[in-house]
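The values are calculated or read from the model by the stated rules, or taken from the named source; none is laboratory data. Just so we're clear, the structure is a prediction, and the values are computed from it rather than from any experiment. Using ideal geometry, Cβ is built from the backbone for each residue, glycine included, and neighbour counts are taken over all protein chains shown.
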Number of protein chains: 2
Amino acid sequence: MSNAAYDRLKVRFARIATLGEASAMLHWDAAAVMPPGGGEARGEQLATLAGLGHELLTAPEVAEDLAAAAAEGAWDEANLDLMRRAHLRATALPTALVEASARANSACEKIWREAKAAADFARIRPALETVVRLQRETAQALAGATGLTPYDALMDSYQRGVTAADVEPVFAAYEAFLADALPRAEAIQAARPAPILPEGPFPTAQQRALCQELSAAIGLDYTHARLDESLHPFCGGTPTDVRITTFYSEAGFEKSLLGVLHETGHALYERGLPTAYARQPVGEAAGMAAHESQSLIMEMQACRSDAFLSFLGPKLHATFGGGAAPYAPANLARLWRRVSRGFIRVDADELTYPAHVILRFRLERALIGGELSVADLPGAWNEALHRLLGITPPDDAQGCLQDIHWHDGAFGYFPSYTLGAMAAAQLMRAARAATPGLDAALAQGDTGPLLTWLRTHVHGQGARLGFQDLLRAATGKPLDPADFTTHLTERYLTA
Amino acid sequence: MSNAAYDRLKVRFARIATLGEASAMLHWDAAAVMPPGGGEARGEQLATLAGLGHELLTAPEVAEDLAAAAAEGAWDEANLDLMRRAHLRATALPTALVEASARANSACEKIWREAKAAADFARIRPALETVVRLQRETAQALAGATGLTPYDALMDSYQRGVTAADVEPVFAAYEAFLADALPRAEAIQAARPAPILPEGPFPTAQQRALCQELSAAIGLDYTHARLDESLHPFCGGTPTDVRITTFYSEAGFEKSLLGVLHETGHALYERGLPTAYARQPVGEAAGMAAHESQSLIMEMQACRSDAFLSFLGPKLHATFGGGAAPYAPANLARLWRRVSRGFIRVDADELTYPAHVILRFRLERALIGGELSVADLPGAWNEALHRLLGITPPDDAQGCLQDIHWHDGAFGYFPSYTLGAMAAAQLMRAARAATPGLDAALAQGDTGPLLTWLRTHVHGQGARLGFQDLLRAATGKPLDPADFTTHLTERYLTA
């Protein structure tokens, strides 16, 4: 049975979520439209909203209500569990630690921009040591409250329901797969004709219209969404007012278009969350790995499929004109499925991307566990990259300084990228099995059948299930990396 | 001396103001960029922020701190007074009355849109009666707390430091002035050559660039501002991130351009508020009449002056091309200083605009005082307009249904428009007297000398002084409508 305490908690958590919505809109504004002079005040606004949200979550009456609350039915029971979890995590950390971390992260992130530009690890080392020390304390405090290991407690901040013990063997198996697959994929690629590059320039206005049209075509309702521009593309906003961004270069349309399809996948997840639990913990997305599975199932699984490329090629040719050859579906496939060993994660292809994540997962786990010191990070990075991809970065800017995450205090996030990619393959396989016309529809540019399946099995589930349980309910098994390697084998290892 | 209680209050009021900043940005977003589907969630976000702000303002410890607080120096004393005033007004109204009013205003405003479209006063009458009844109760509650009369207590919500007793004789004198001036101005206008209309179309992109360039030229720093589009132009945002909007029609540039100059006046006020008291009550603008004085001093006093038109004409011609005759400064003066008796306030010229405000001031005062019933409003309106301008609206859509204000519960606001116009003339006269090169600069498109004077005498004063005291400090006298009628006489009654 539900009771008054649970009802009070629902009102309180809705209020907290509404503050979060306001923050999400202000974050979008800061990235997409804010004049530079607004930054200082914006920081104050976001800090005030975050502070009020924290006060609402940690007020003394919350503990009393949580002790007295009862909920009935799978959804409300899960909701109450998630309330307990949020309260536990918020109260586990001493205010002094939260504030010290926020200051250290902010200071480190500023220095990182200079250190990266100068490829000078020594410049960031002291600030990063402080960040890591405070992250270790945070991990230990969260571990004490949750019963997880320290690193798992951090990972749990981004994706509930999956542990390092789940991830480790999956990543080890991928490393073995890659050692065999990468040279074979390179050989197959080398034997094929070189892809023909579409000839630009590609006017921004045309790219913008195309991105908006295609994201609408694959399911984004623009009465509840916007597409804008920002330096780093993202999906923000709220479920009924979702804001995606991209970045246009007139030299090429590949990055903006595929980026928009990626962000549209995130946006469709937000749009499909269960409205009956809007603004409740159980009505949110299931986590960052689950979120990445939805961006990648659109970008990598659906929109780079042979079926969809056969629809997309003629549309691109009609949009940009010029010769037809670059827009032939087979040429687009060669262009957008190139494999190459590179230093930079965000530029990596589908096959080698996990290597970058495996490297980071192992190093951040060792940093949090105390087995690796910050001083030894550059050497450990270069050694690990050499072992995984056989290449060595020429400097730390292309090595351990390339990502913002650690320098902004985000430890435990990286696995989400590859867990998402693997889950996307697993979900796509299940969706295909359950939906016979799925690829025929994709060949018409119609993601409707796929989206219908995702609405039921992923989006509409909200945060009711953790990562492994969500996959179990949707596909009949927990994370199974074989679906991902099967997908990669079909795409990259078939001559 | 300052003390701990006052310091605590400053922290609290800064937090309240920061929530207000967040709301201001969300209001801008809703008007300028939000997709329609975001409206419902936006309402929740704004209500939550308003509710939290109200809780912070009315928390029990505020009364204790206000009782114990001491402040030293004119600025902090005024700040503490304004804190007391805000708390007094917030606690004077029972929560039930505030909520009933919010609901009644929202319901009436929705019906008003239909009633106006149908020119059907009967449709809105019951909802408006509810709004008026609740506004009377509100006025009485505020009067009881503040010692003002009920109508003054409402007017005080929008502009502190001026009463109906101040306004009444000023408006009566203007009525007498207008009865003589209007037919004379019409006769002079009829004797002049008809203005030549610039030939369009005027591409939106050109208008936008021109509006941005001119608003920057008259002082708006776009590292702290944006210019966007919305159905109803406004100035919003925050002092370091001010957002102005306009509405473009390719058929003409007059409305968008003069509208942007008007909103730029508002924006410059916000930009010039005293940063040492940012987010404190004394660091805000002095009120709506003061704000309107700053938009009108830019739009009406500076930018429609002969000097500025001599700069603007060639610039407009260079922008839009075509024949030179429409852009001759004398022709622009004839175009932008046309006098005509019309039914619609927002379309009214500088000379007849006050008649529309005088009418509303008298009627809303009678509605709040109980001397006029809602049922008698249409008749009273038509009678008053006929007495003031000699014309009778063909229907209520062009009569008492034209403005949103009353139907949204805003009583006591209307006088601000004309108090602002009068104050603008008075301030301009004082600025000219103190600044010999002011008009020579305007002839170069340079509002710098005017802005310097306004920064010192108006913007930089924040909310330290009420309306009459602000004018006294800046011009040596309280509101003196003779400066406005002198300005009008020079502009409209000199053949």
Exclusive hit being modelled with pLDDT of 95 or more and part of a loop (DSSP other than H, G, I, E, B), set A:Asp439, A:Asp483, A:Asp469, A:Asp446: A:Asp446
Which one of these does B:Val339 not meet: (1) surrounded by fewer than 16 Cβ atoms within 10 Å (Cβ to Cβ); (2) touching a residue at least 60 places away in the same chain (Cβ under 8 Å)? (1)
Do the conditions hold for B:His386, that is, is it in the same structural domain as B:Arg113 (by TED's automatic domain parsing), under 30 Å from B:Ala139 (Cβ atoms) and within 20 Å of the chain's Cα centre (by Cα)? no
Would you mind stating whether A:Arg362 is touching a helix residue (DSSP H, G or I) at 6+ places or on another chain (Cβ under 7 Å), among the charged types (D, E, K, R) and over 30 Å from A:Arg160 (Cβ atoms)? no
Can you name the residue in the range A:8-65 that is of a type outside the set (A, V, I, L, M, F, W, C) and away from chain B (no Cβ under 12 Å) and, of all such residues, is farthest from B:Gly43 (Cα to Cα)? A:Glu64
So, in the range B:233-248, of the ones that are free of Cβ contacts under 8 Å to residues at least 40 places away in the same chain and more than 14 Å from chain A (Cβ to nearest Cβ), which residue ends up surrounded by the fewest Cβ atoms within 10 Å (Cβ to Cβ)? B:Phe247
Test: A:Asp403 is more than 18 Å from A:Met300 (Cα to Cα) and surrounded by fewer than 18 Cβ atoms within 10 Å (Cβ to Cβ): no
Out of curiosity, is B:Gly73 within 23 Å of B:Leu465 (Cα to Cα), surrounded by fewer than 18 Cβ atoms within 10 Å (Cβ to Cβ), more than 10 Å from every other protein chain (Cβ to nearest Cβ) and out of contact with any helix residue (DSSP H, G or I) (no Cβ under 8 Å at 6 or more places or on another chain)? yes
Find the residue count for the range A:442-466, including only residues that are touching a helix residue (DSSP H, G or I) at 6+ places or on another chain (Cβ under 7 Å) and free of Cβ contacts under 8 Å to residues at least 12 places away in the same chain. 0
Collect the residues in the range B:212-232 that are among the hydrophobic types (A, V, I, L, M, F, W, C), part of a loop (DSSP other than H, G, I, E, B) and within 13 Å of another protein chain (Cβ to nearest Cβ), keeping them in residue-number order. B:Leu220
Among helices (runs of 4 or more DSSP H) lying entirely in the range A:1-117, which contain 2 or more residues that are within 27 Å of the chain's Cα centre (by Cα)? A:4-32, A:39-58, A:74-92
Expected output for the range B:285-310 (first residue under 14 Å from B:Leu273 (Cα atoms), partner of a type in the set (S, T, N, Q) and assigned to a helix (DSSP H, G or I), Cβ below 7 Å, 6+ apart or cross-chain) is B:Ala286/B:Gln461
Select, from B:Leu210, B:Leu197, B:Leu178, B:Leu182, the only residue that is out of contact with any strand residue (DSSP E or B) (no Cβ under 6 Å at 6 or more places or on another chain), within 30 Å of A:Pro35 (Cα to Cα) and not polar (S, T, N, Q). B:Leu210
Among B:Ala384, B:Ala410, B:Ala430, the single one that is more than 26 Å from B:Leu363 (Cβ to Cβ) and not β-branched (Val, Ile, Thr) is B:Ala430
